[in-house]
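Peer 1: Can you read through this structure? Questions will come right after.
Please treat every number below as a calculation from the coordinates, not as lab data. Every value quoted in this text rests on a predicted model; they were computed, and no experiment measured them. Every residue, glycine as well, gets a Cβ built from its backbone with ideal geometry; the counts of neighbours run over all protein chains shown.
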Amino acid sequence: MTCKYSNIIAENCGINSALIAGYLYEQQKEKGFILWGKLWYRCSVNNFTAVFPFMGKGAVYGALKRLRHKGYILRTEHNKSRFDRTKSYSFTPLGLSVMLTTKNE
């Protein structure tokens with residue numbers, strides 16, 4: 001798998017956050033679903049650690065938290081079962097504009 005990322009997000013949030021944002025962007029295009037007028041992608045922390053084996057769960061949690069606090073992504077739980085805690089992620093207008101304009105070649 002080729003890891004594409006935004007240099008702006010890497011500078012503001014770190015390389016782990018930039019890699020996760022790049023992965024979310026690509027997966028949203030392929031497997032995303034529309035909810036509340038936004039494109040979302042459902043993914044668990046275990047899935048992120050499977051895609052990026054060099055990141056532990058703590059690194060993934062930290063990267064996602066930085067992306068949310070800097071205003072690049074939104075997070076929600078929209079699951080059919082009340083016991084399912086898998087999160088769904090979407091880009092904010094700021095995050096989407098950064099991903100569209102500054103993709104790493």
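Peer 1: Please list, ordered by chain and number, the residues whose modelled amide H lies under 5 Å from the amide H of I73; skip anything fewer than 5 residues away on the same chain.
Peer 2: For I73, the qualifying residues are R68, T92.
Peer 1: Relative contact order for the chain: what percent, with Cα pairs under 8 Å and sequence separation of 6 or more? Write down the numbers at each step before the final one.
Peer 2: Numbers: 138 pairs, mean separation 33.3, N = 105.
Answer for the chain is 32 percent.
Peer 1: Right, next: Using the count of nearby Cβ atoms within 10 Å as a rough guide to exposure, how do K4, K29 rank from fewest to most?
Peer 2: Details: K4 16, K29 10.
With the sparsest Cβ surroundings first, the list reads K29, K4.
Peer 1: Still on this structure, please answer the following. Summing +1 for each Lys or Arg and -1 for each Asp or Glu, what net charge is found among the other residues whose Cβ lies under 9 Å from the Cβ of N12?
Peer 2: Working: positive: R66, K70; negative: E11.
So the surrounding residues net to +1.
Peer 1: Given 10 Å bins starting at zero, what is the percent of C-alpha pairs of the chain in each, up to the one with the largest pair distance?
Peer 2: Binned Cα distances yield the sequence 15, 52, 30, 3, 0.
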